[in-house]
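I have placed the structure first, in the form of C-alpha cells, so that the comments after it can refer back to it.
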Amino acid sequence: MAFQLTDVVPWGRTFDEYAAMFALDEVDRSRSILGCSDGPASFNAEALQRNVKVVSADPLYEFSVPQIRKRIADTAPLVAAQIKENAQDFVWNHFKSVDELVAARMKAMQAFLADFNTGLEQGRYVPAQLPDLPFFAGTFDLALCSHYLFLYSEQHDAQFHIEALRELCRVAQEVRIFPLLELSGAPSRHLPEVIDALKAGRLAAEGHRVVGRYLMETRLPRVRCPTLIISPAADPHAHPVAGKVTAAIAGAELVEVPGGMVPFPDQMPEVFAATTLGFLDRIMRR
Ligand SMILES: C[S@@+](CC[C@H](N)C(=O)[O-])C[C@H]1O[C@@H](n2cnc3c(N)ncnc32)[C@H](O)[C@@H]1O
C-alpha cells in the first residue's frame, strides 16, 4: 500500500539518544550503519559531523522539506499534549520535563530538515519501506531501528516483523532494535513468534509441513511408556492438538504452559526443566 504522509507522526531523536539506545561504542561508530526508520531524527545529520557513516532509510523521504515541515507543525502540538496527559507512563531520567523533551525533539527535527536535501543528494537519505529495502546483501555492518518495529505491534502482525527483520539481516551483518515494547509499554506480543521464526530459519514452514504429513493418529497408541505432553499454550499450531495427542496415548499426562511457544525448551528452559523433572519425580514414585 502506498505510504501517505498522514501515516506518520514525525518525532525525531538525536545522535546521543541513538548512542544510548543502541550502546554505540567506538567500534560501532567506525562501522557502516543503516538507520532504518530514522524519519526526522537528527541521527544522520549529527553522525556526519562526527565522521560516522550513516545511511537512513524511511518512507518519509519521498516527501519534500515543506511537506515534512508542515506535517511536523500539524502534529507536534498533539503529541506534546498526549505526552503531558500520560507523563506518568514515561521515565524522566534523561529529560526532566515534558517541555524539555518537546524542545529537544523540535531541535532534532529542525537539524534533520536543514540537512535533508543535501543528504538526499549524497545518498545519505534513501526513501524506502520495510519489508523491502533497496540495498544489496551485506551492504552495512550494522542496522539500527529505533521506535518503529515492535512499537507498532497492534498495526503490524508477526509475519510483517519476521519479513522486516529478515530483510534487515540480509542487508546488514548485525541488527539492533529498540525498544521491544509496544506503545502501551508492554513487551511486544510478537516477540516470541518472531524469535522462534528467526531461530528456525527459512525452512521452518517446510518442517511444519513434514510434521503435518506424519501418520500420528495410527502410531501414537503404540506408545506404551509413561508420557508427558507439554503444550505451549501460546503456540497457534501445537497447542490446539495437544489434547488430541494426549488422548491417543494411554495414561499420558498433559501440562499446559501459558505463554509458551515452539521451540519451548529454548524459550523457557527453566520451566521446561522443572516440568520435566516434576514428571520424572512422579513416575519414579509410582
Ligand atoms: C516514531 S518514528 C521514529 C523515528 C526515529 N527512528 C526516532 O527514533 O527518532 C517511526 C518512523 O518509522 C517510519 N516508517 C513507517 N513505516 C515504515 C516502513 N514500512 N518501513 C520503514 N520505516 C517506516 C516512519 O516514517 C517514521 O519515520
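The values are calculated or read from the model by the stated rules, or taken from the named source; none is laboratory data. The structure presented is a predicted model; accordingly, all values stated were derived computationally and were not measured. Heads up, the Cβs are rebuilt from the backbone with ideal geometry, glycines too, and the neighbour counts pull from every protein chain shown.
Is at least one residue of region 197-220 surrounded by 13 or more Cβ atoms within 10 Å (Cβ to Cβ), at pLDDT below 95 and under 15 Å from the mean Cα position of the chain (by Cα)? Yes.
Tell me, yes or no, whether region 255-264 has at least one residue that is in a helix (DSSP H, G or I), at negative phi and surrounded by 15 or more Cβ atoms within 10 Å (Cβ to Cβ). First the steps, then the outcome.
Kept after step one, since they are in a helix (DSSP H, G or I), are these residues of region 255-264: 264.
Still in the running and at negative phi: 264.
So of that shortlist, the ones also surrounded by 15 or more Cβ atoms within 10 Å (Cβ to Cβ) come out as 264.
Among the residues of region 255-264, at least one is in a helix (DSSP H, G or I), at negative phi and surrounded by 15 or more Cβ atoms within 10 Å (Cβ to Cβ), which makes the answer yes.
The single residue among 54, 65 that is within 23 Å of the chain's Cα centre (by Cα), more than 8 Å from the ligand (Cβ to nearest atom), farther than 17 Å from residue 148 by Cα and of a type in the set (A, V, I, L, M, F, W, C) turns out to be 54.
Residue 123 meets the stated requirement of being closer than 18 Å to residue 43 by Cβ, surrounded by fewer than 17 Cβ atoms within 10 Å (Cβ to Cβ) and either within 15 Å of the ligand (Cβ to nearest atom) or in the same structural domain as residue 19 (by TED's automatic domain parsing) (or both).
Among the residues of region 56-78, write down those that are among the hydrophobic types (A, V, I, L, M, F, W, C) and touching a helix residue (DSSP H, G or I) at 6+ places or on another chain (Cβ under 8 Å). Steps first, please.
Keep residues of region 56-78 that are among the hydrophobic types (A, V, I, L, M, F, W, C), which gives 57, 60, 63, 65, 68, 72-73, 76, 78.
Within region 56-78, 60, 63, 65, 68, 72, 76 qualify.
With respect to residue 179, is the statement that it is within 15 Å of the ligand (Cβ to nearest atom) and either in contact with a strand residue (DSSP E or B) (Cβ under 8 Å, 6 or more places away or on another chain) or among the hydrophobic types (A, V, I, L, M, F, W, C) (or both) true? Considered against the rule, which asks whether it is within 15 Å of the ligand (Cβ to nearest atom) and either in contact with a strand residue (DSSP E or B) (Cβ under 8 Å, 6 or more places away or on another chain) or among the hydrophobic types (A, V, I, L, M, F, W, C) (or both), residue 179 comes out as no. Annotation note: Cβ proximity below 6 Å between a residue of region 185-199 that is free of Cβ contacts under 8 Å to residues at least 60 places away in the same chain and a residue that is part of a loop (DSSP other than H, G, I, E, B) and crowded, with 17+ Cβ neighbours inside 10 Å (sequence gap 6+ or interchain) occurs for 188/150; 188/153; 188/182; 189/153; 190/153. Within region 1-34, being in a helix (DSSP H, G or I) and in contact with a Ser or Thr (Cβ under 9 Å, 6 or more places away or on another chain) holds for 15, 17, 18, 21.
Give the number of residues within region 79-102 that are touching a residue at least 24 places away in the same chain (Cβ under 8 Å), surrounded by 12 or more Cβ atoms within 10 Å (Cβ to Cβ) and in a helix (DSSP H, G or I).
As a first pass, look at region 79-102 and keep what is touching a residue at least 24 places away in the same chain (Cβ under 8 Å): 79, 89, 94, 102.
Filter again for surrounded by 12 or more Cβ atoms within 10 Å (Cβ to Cβ), leaving 79, 94, 102.
From what is left, the residues that are in a helix (DSSP H, G or I) are 79, 102.
Summing the residues that are touching a residue at least 24 places away in the same chain (Cβ under 8 Å), surrounded by 12 or more Cβ atoms within 10 Å (Cβ to Cβ) and in a helix (DSSP H, G or I) in region 79-102 gives 2.
Would you tally the residues in region 1-49 being more than 11 Å from the ligand (Cβ to nearest atom), basic (Lys, Arg) and buried (at least 20 other Cβ atoms within 10 Å of the Cβ)? Result for region 1-49: 0.
Take the conditions (1) surrounded by 18 or more Cβ atoms within 10 Å (Cβ to Cβ); (2) closer than 30 Å to residue 90 by Cα; residue 179 misses just one of them, which is (1). Within region 55-78, is there a residue that is in a strand (DSSP E or B) and either of a type in the set (A, V, I, L, M) or farther than 22 Å from residue 4 by Cα (or both)? Within region 55-78, one or more residues are in a strand (DSSP E or B) and either of a type in the set (A, V, I, L, M) or farther than 22 Å from residue 4 by Cα (or both). Scanning region 235-254 for residues that are within 17 Å of residue 191 (Cα to Cα) and buried (at least 18 other Cβ atoms within 10 Å of the Cβ) turns up just one, 235.
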